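> Handing you this structure, nothing more for now.
The values are calculated or read from the model by the stated rules, or taken from the named source; none is laboratory data. From a predicted model like this one, the values you see are computed outputs, not experimental measurements. Here the Cβ is made from the backbone with ideal geometry for all residues, glycine too, and neighbour counts use every protein chain on show. For accessibility, only protein heavy atoms count, side chains too; no ligands or nucleic acids. Shrake-Rupley method; radii C 1.70, N 1.55, O 1.52, S 1.80 Å.
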Amino acid sequence: MSVDRHTHVLIVGGGPGGYVAGIRAGQLGLETVVVDGQALGGTCLNVGCIPSKAVIHAADEYATALEQAASAPLGISVRDPQVDLAKVTAWKDGIVGRLTGGVAGLLAKAGTSVIEGWASVVDGKTVDVIGADGSRQRISCDHLIIATGSDPVELPGLPFGSGHEDRVLSSTEALALTEVPEHLAVVGGGYIGLELGTAFAKLGSSVTVVEAEGRILPQYDHGLTAPVASRLAELGVEVLVDTRANEATDDGLVVEGPDGTRTVAADKILVTVGRRPRVAGFGLAHLGLTMAGSFIAIDERCHTSMRNVWAIGDVTGEPMLAHRAMKQGEVVAEAIAGQPAVFDPVAIPAIVFTDPEIVSAGLDPDQAMAKGVDVIVGRFPLSANSRSMTLGQPGQRGFVRTVARADDHLIVGLQAVGHGVAELSTAFGLAIEMGARLEDVADTIHAHPTVGESLAESALAALGHALHS
Ligand code: FAD
Ligand code: NAD
């Protein structure tokens, strides 16, 4: 087959990694083509970060309305709140549409072309693209960027779409539901399972979470996850730990735990046991790239083991987060343009959008200790934060925690759990990336009244003289 088109940079995948690489490469004057078989924006904009946070927000609003109707703690009368999930889903789809349309506009503004179609790799400089209409074109390039993202992991006994009335769902189908399931079983108490499990519990589902490890969110320390576990209990969510799911039956989900085998009632079963890199099914094996486990191995410039073949985003490793993919997208475009760009962050902040939220950047106290770093830790309770009280969270169980080297007070980690702490991720990332010491944070005037004041207080606590606790 002869080549139909040549471009300097060819990007396979238009998710947060691929589209950002496309924008930056275009800004740098590189002739660039982005190929995606689905809508621009990838998992994050279409079926991940954005739709999940929209549904979580709608569920929070509904839960607040129910709380006001029950006891009017703020003196606001609300009568008989109802939720229409079809309308929530339509509202969420509107947000997704605005954002994916915005990505198309940004790529066009940067002068980058977009081709809708599935790419299959022929060699390190050639890709075939099959369009939705069956048309086929061969594109050659000087630089190939693989940004194909990830897919949800399926469990052998619970394939997606199986069971009575397509009972077994991935997050994609769960985010498209138009009716609230009466009984929802969630397999996997990690990021997605708890974010969506909490949202559906607030929307009215009776939710059971089945987690294989000994506690939910096992990657976070107990102090951070305990307030989330308490809130799940308050919402009536049943959490089964040390338990594995086996198969779906007409009655629900068969699980095996410390007390033996039982069937959990479930008209829908949401399986969220992790995601795996999308490296198969499009000819990537032809390149014989060096792998790091199931991920594509890359260096600090996001370069693979093959000359002028690059890889970014979920396909390259953990943490599989949109902001990591986006930063790699910038780096790779600048590296191709000959700039001295490297992907070498001190910390990648992570947020779990549960109730309450968890945010973490850098090392927690146990991780610091495991690395042999002698640390001091400051912890400030959000129950002592005035802004939390005015936000209707008088009994906040959360806290902000600062982890710093004992000898020179360099901050190596910042964590928080609490209502509205997600926005602290910006300050956490900035402090660690800029090499802040406890004194830098403590001496910075934090505006009052804000939840962010708790960051300065936690630095003061590490120095031994918190002011408000
Ligand atoms: P993707 O976004 O997966 O994009 C890959 C793109 O490549 C897709 O559009 C796909 O169609 C395309 N593609 C694949 N193969 C081909 C091919 N052969 N030809 C053409 N196109 C191809 N992360 C966060 O940071 N914060 C969050 O709050 C968050 N929430 C999430 C919630 C859910 C429910 C899920 C599922 C994920 C969430 N994530 C979140 C993770 C985030 O979505 C991913 O880390 C991010 O999308 C990865 O970006 P990417 O560019 O690597 O890949
Ligand atoms: P996860 O890795 O966060 O959680 C999976 C959970 O499933 C783990 O707790 C694991 O112990 C459990 N598990 C594994 N096998 C099991 C089994 N057979 N039975 C019961 N439990 C089992 O994975 P996820 O929730 O699917 O999310 C995938 C990725 O998407 C995340 O790791 C994250 O990178 C990304 N994500 C991020 C956000 C965010 O940034 N807020 C939100 C959603 C997703």
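> Please label the shape of the chain as rounded, prolate or oblate, based on the square roots a ≥ b ≥ c of the eigenvalues of the alpha-carbon gyration tensor (a/c under 1.5 means rounded; beyond that, a/b larger than b/c means prolate, else oblate).
Numbers: a/c = 1.77, a/b = 1.24, b/c = 1.43.
Oblate, since a/c reaches 1.5 and b/c is not below a/b.
> Can you give me the distance in nm between label points at Thr64 and His222, each placed 7 Å from the Cα along the Cα-to-Cβ direction?
Taking the two extended label points, one gets 3.4 nm.
> About the Cα centre of the chain, what is the dipole size in debye to 20, counting +1 per Lys and Arg Cβ and -1 per Asp and Glu Cβ, all else neutral?
Details: 32 positive and 55 negative charges, 177 e Å.
Using Cβ point charges on Lys, Arg, Asp and Glu, the chain gives about 860 debye.
> Can you give me the C-alpha center-to-center distance between segment 312-342 and segment 387-420, rounded to a whole angstrom?
29
> Taking the solvent-accessible surface of protein heavy atoms with a 1.4 Å probe, what is the per residue accessible area of segment 1-156 in Å²? Let's see the in-between values first.
Working: 7130 Å² over 156 residues.
It amounts to 46 Å² per residue over segment 1-156.
> Any idea how far the Cα center of segment 39-78 sits from the one of segment 205-246, in Å?
Measuring centre to centre over Cα atoms gives 21 Å.
> Here is a further query. Can you flag which of Lys125/Lys327; Lys87/Lys202; Lys53/Lys109; Lys53/Lys202 are past 21 Å Cα-Cα?
Values: Lys125/Lys327 24 Å; Lys87/Lys202 16 Å; Lys53/Lys109 28 Å; Lys53/Lys202 14 Å.
The pairs that break the limit, which is 21 Å between Cα atoms, are Lys125/Lys327; Lys53/Lys109.
> To the nearest 500 deg cm²/dmol, what mean residue ellipticity at 222 nm is calculated for the chain from DSSP H runs of n ≥ 4 alone, each contributing -39,500 (n - 2.57), summed and divided by the residues? All intermediate terms of the calculation are to be shown ahead of the outcome.
Details: 13 runs with 149 residues, N = 469.
Helix contribution divided over all residues of the chain: -9500 deg cm²/dmol.
> Would you kindly enumerate the cysteines in the chain that have no other Cys beta-carbon under 4.7 Å from their beta-carbon?
By the Cβ distance rule, which asks for a partner under 4.7 Å, the isolated cysteines are Cys141, Cys302.
> With a 1.4 Å probe and every protein chain left in place, tell me how much accessible area Trp91 has, in Å² to the nearest 10.
Number for this one is 120 Å².
> Here's a follow-up. Taking the mean number of other Cβ atoms within 10 Å as a proxy for protection, how do you rank 392-399, 104-111 from highest to lowest?
Details: 392-399: 17.6, 104-111: 15.4.
With the highest mean Cβ count within 10 Å placed first, the list reads 392-399, 104-111.
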